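Remarks on the structure that follows.
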Amino acid sequence: MLVTFISPYSDITAYGIRILSATMRKANIQTRLIFLSDMDNKNGHSTYGNDVLREVLNLCADSNLIGISLFSCHFPKIADLTERIKKNLSTPIVWGGKHPSAKPEEALKYADIICIGEGETAIVELTQKMENNKPFYDTNNFWFKKNGEIIKNSLRPLTQDLDTLPFPDYSLEEHYIWDKDSAMMLKMDESVFKRFLFKEPDTGLVVYNTLASWGCPYACTYCFSFRDMYKGKRYLRFRSINNIIDEIEGIKNRFFFIGKIILSDDNFFTLKTEDIKAFAKAYKERIGLPIRCLAHPINLTEEKVSIMLDAGLSHIQMGVQTGSEKIKKIYQRNTPNDTILNAVHILNKFKKKIIPSYDFIVDDTYETDEDVVETLRFLLKFPRPYHINVFSLTLYPGTELYNKAVKNGVPFDENKEWEARKKTYLNIIFLLFNSCVPRVILRIMITRPMLKIFGNKFITSFLYQMIALLQKARK
């Protein structure tokens, strides 16, 4: 039995399919991984060229099952790729990931099978049944398309002990990646792996990305997770400290060029102080590389930050999203601004060691200019230095905001990428917070007279043309 997984993600970490591959290999099922990351994924509207399709078909020709994991931004091109594969191969195709779980009926218009929710143990059962020619249409966590009908199966329990799962598959065996520069599919080796791994822009360090936990403790209305599908279950789960350290140590010892570790958990600081102490001690003794993690203001304490700094913390990213009380309620991000400012001041105490990043969301249909100005005024209270990340709100299928927009008839592009910010005057001001523009100037720029002058679409268009020219000159 050979299962070929295709990853459209720009980050070749592709944690989901690497865990699936490792789980299946542990069960003696052959896997092959194809990474289509070196592509133009802007807004997800482009399609894969015939040269890519030819290589994909060649690698999938001897497969018994083809698996594709995708987000909503990948849907148009993965739908197109799936249709083109099916015209040439009779191999069944299974989709998994957040988009198919949010819109399974739509996904089954293209794929033969849909994995709903977490599928590590489910995919093993499915493939073993297929391999042994046993009935498989009753396999939990899967929906099937059979003779024009949809078969819907129940969810199986979540894996609570994450230590029972193998580490992600970084064997590089039967791993391939499309290289747009040479227009070739490359067989993965260490040099190719190093070339395509994410590198930190300001330091050039090669980054290894992993997770200490699965699930999220929050229920933000703009974010889709499997949380609602597993109501009443313990959705947020943590790996043991030794398990996390063992994985990172193995990667560090094998790939000597790894220079930094990113823990991509939605909020690493959800861990209790005692657990953070245990992690930091082991990490400092056995890993010793710079580390980056994400935080939420409600769980951030001076002690936790101090402990992680001693272990090698070099970058921390904290979600703020908005300073508007109205928008907070819409997002279900009800952390008081005083609590956020307290966390900001905690991080500022360590400004000689780290410069924090703060995340904000813009382009919300329900947000007025007054709401944006309220956020900018709140941001003026943040002590420097810091870096501001500005994300354009994308309404993902399955989220509360998506359902609200559909109900209200609000037009939107669900395949839009978060980098595609609208060209507005207020969005320019957000970006100016990353420059050395004095606060007094920023404060003037959000006064009513300035908003009235520069809110004109022709002036705004001119400003963006000037920014583009400056960026070009800088390059």
Query raised in the report: Of all residues in the range 218-265, which are open to solvent by 50 Å² or more (accessible area, probe 1.4 Å), under 18 Å from ILE276 (Cβ atoms) and either assigned to a loop (DSSP other than H, G, I, E, B) or touching a strand residue (DSSP E or B) at 6+ places or on another chain (Cβ under 6 Å) (or both)?
Result: PHE238
Report task. State the number of residues belonging to the range 404-421 that are under 21 Å from PRO76 (Cβ atoms) and assigned to a helix (DSSP H, G or I). Result -> 2
Requested in this report: Name the one entry in LEU108, LEU126 that is under 16 Å from ASN153 (Cα atoms), of a type in the set (A, V, I, L, M) and touching a Phe, Trp or Tyr at 6+ places or on another chain (Cβ under 6 Å).
Outcome: LEU126
Query raised in the report: Does TYR176 meet the test of being closer than 24 Å to ARG18 by Cβ and hydroxyl-bearing (Ser, Thr, Tyr)?
Result: yes
Requested in this report: With the condition kept exactly as written, say whether any residue in the range 327-337 is farther than 23 Å from THR221 by Cα, touching a strand residue (DSSP E or B) at 6+ places or on another chain (Cβ under 7 Å) and at pLDDT 95 or above.
Outcome: no
**Report entry** Residues within the range 323-341 that are touching a residue at least 12 places away in the same chain (Cβ under 8 Å) and under 16 Å from THR399 (Cβ atoms), tallied
**Finding:** 5
Report task. Could you grab me the full set of residues in the range 341-394 that are acidic (Asp, Glu), under 27 Å from the mean Cα position of the chain (by Cα) and part of a helix (DSSP H, G or I)? Result -> ASP371
**Report entry** Pairs with Cβ under 7 Å, 6+ apart, first in the range 18-34 and part of a loop (DSSP other than H, G, I, E, B), second hydroxyl-bearing (Ser, Thr, Tyr)
**Finding:** ILE29/THR127
**Report entry** Members of the range 422-469 found to be of a type in the set (Lys, Arg) and either part of a helix (DSSP H, G or I) or at pLDDT below 85 (or both), listed by number
**Finding:** ARG439, ARG443, ARG448, LYS452, LYS457
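Table: residues versus (1) over 29 Å from the mean Cα position of the chain (by Cα); (2) on the phi < 0 side of the Ramachandran plot.
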| residue | (1), (2) |
| --- | --- |
| VAL406 | no, yes |
| GLY409 | no, no |
| GLU417 | no, yes |
| ILE428 | no, yes |
| SER435 | no, yes |
| ASN456 | yes, yes |
| ILE467 | no, yes |
| LEU470 | yes, yes |
Report summary line: Filter the range 138-156 for residues that are in contact with a strand residue (DSSP E or B) (Cβ under 7 Å, 6 or more places away or on another chain) and either modelled with pLDDT under 95 or open to solvent by less than 80 Å² (accessible area, probe 1.4 Å) (or both); the one that is nearest to MET229 (Cα to Cα) is ASN141
Query raised in the report: If you check every pair at least six apart or on different chains, which have Cβ atoms under 9 Å apart with a residue in the range 437-463 that is within 26 Å of ARG384 (Cβ to Cβ) first and a residue that is assigned to a loop (DSSP other than H, G, I, E, B) and of a type in the set (Phe, Trp, Tyr) second?
Result: LEU442/PHE433
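Residue by residue, here is whether (1) without any contact (Cβ under 8 Å) to a residue 12 or more places away in the chain; (2) surrounded by fewer than 20 Cβ atoms within 10 Å (Cβ to Cβ) holds:
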site: ASN267; (1), (2): no, no
site: LYS272; (1), (2): yes, yes
site: ILE276; (1), (2): no, no
site: LYS281; (1), (2): no, yes
site: ARG292; (1), (2): no, no
site: HIS296; (1), (2): no, no
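Condition check ((1) over 21 Å from the mean Cα position of the chain (by Cα); (2) in contact (Cβ under 8 Å) with a residue 12 or more places away in the chain) across all residues:
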{"residue": "LYS187", "(1), (2)": "yes, yes"}
{"residue": "VAL192", "(1), (2)": "yes, yes"}
{"residue": "PHE196", "(1), (2)": "no, yes"}
{"residue": "LYS199", "(1), (2)": "no, no"}
{"residue": "VAL206", "(1), (2)": "no, yes"}
{"residue": "SER213", "(1), (2)": "no, yes"}
{"residue": "TYR218", "(1), (2)": "no, yes"}
{"residue": "LYS233", "(1), (2)": "yes, yes"}
Report task. State whether one or more residues within the range 61-69 are open to solvent by 30 Å² or more (accessible area, probe 1.4 Å) and not in a loop (DSSP other than H, G, I, E, B). Result -> no
Query raised in the report: Can you name the residue in the range 202-216 that is β-branched (Val, Ile, Thr) and in contact with a helix residue (DSSP H, G or I) (Cβ under 7 Å, 6 or more places away or on another chain) and is also farthest from ASP163 (Cα to Cα) among such residues?
Result: VAL206
Report summary line: Only one of PHE391, PHE350, PHE412 is open to solvent by 70 Å² or more (accessible area, probe 1.4 Å) and aromatic (Phe, Trp, Tyr), namely PHE412
Requested in this report: Go through the range 298-318 and give me each residue that's open to solvent by less than 10 Å² (accessible area, probe 1.4 Å) and within 19 Å of VAL362 (Cα to Cα).
Outcome: MET318
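Tell me which residues, restricted to the range 266-291, are touching a Leu at 6+ places or on another chain (Cβ under 8 Å), of a type in the set (Val, Ile, Thr) and not in a helix (DSSP H, G or I).
ILE291, the sole residue that qualifies.
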Requested in this report: Quick one: count up the residues across the range 206-217 that are of a type in the set (A, V, I, L, M, F, W, C) and buried (at least 19 other Cβ atoms within 10 Å of the Cβ).
Outcome: 4
Query raised in the report: Would you say PRO168 is touching a residue at least 24 places away in the same chain (Cβ under 8 Å), surrounded by fewer than 18 Cβ atoms within 10 Å (Cβ to Cβ) and under 18 Å from GLU118 (Cβ atoms)?
Result: no
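The values are calculated or read from the model by the stated rules, or taken from the named source; none is laboratory data. What you see is a predicted model, and the numbers here were worked out from it, not measured in a lab. Glycine gets a Cβ as well: all are built from the backbone with ideal geometry, and neighbour counts include every protein chain shown. SASA here: full protein model, heavy atoms, side chains in, ligands and nucleic acids out. Shrake-Rupley method; radii C 1.70, N 1.55, O 1.52, S 1.80 Å.
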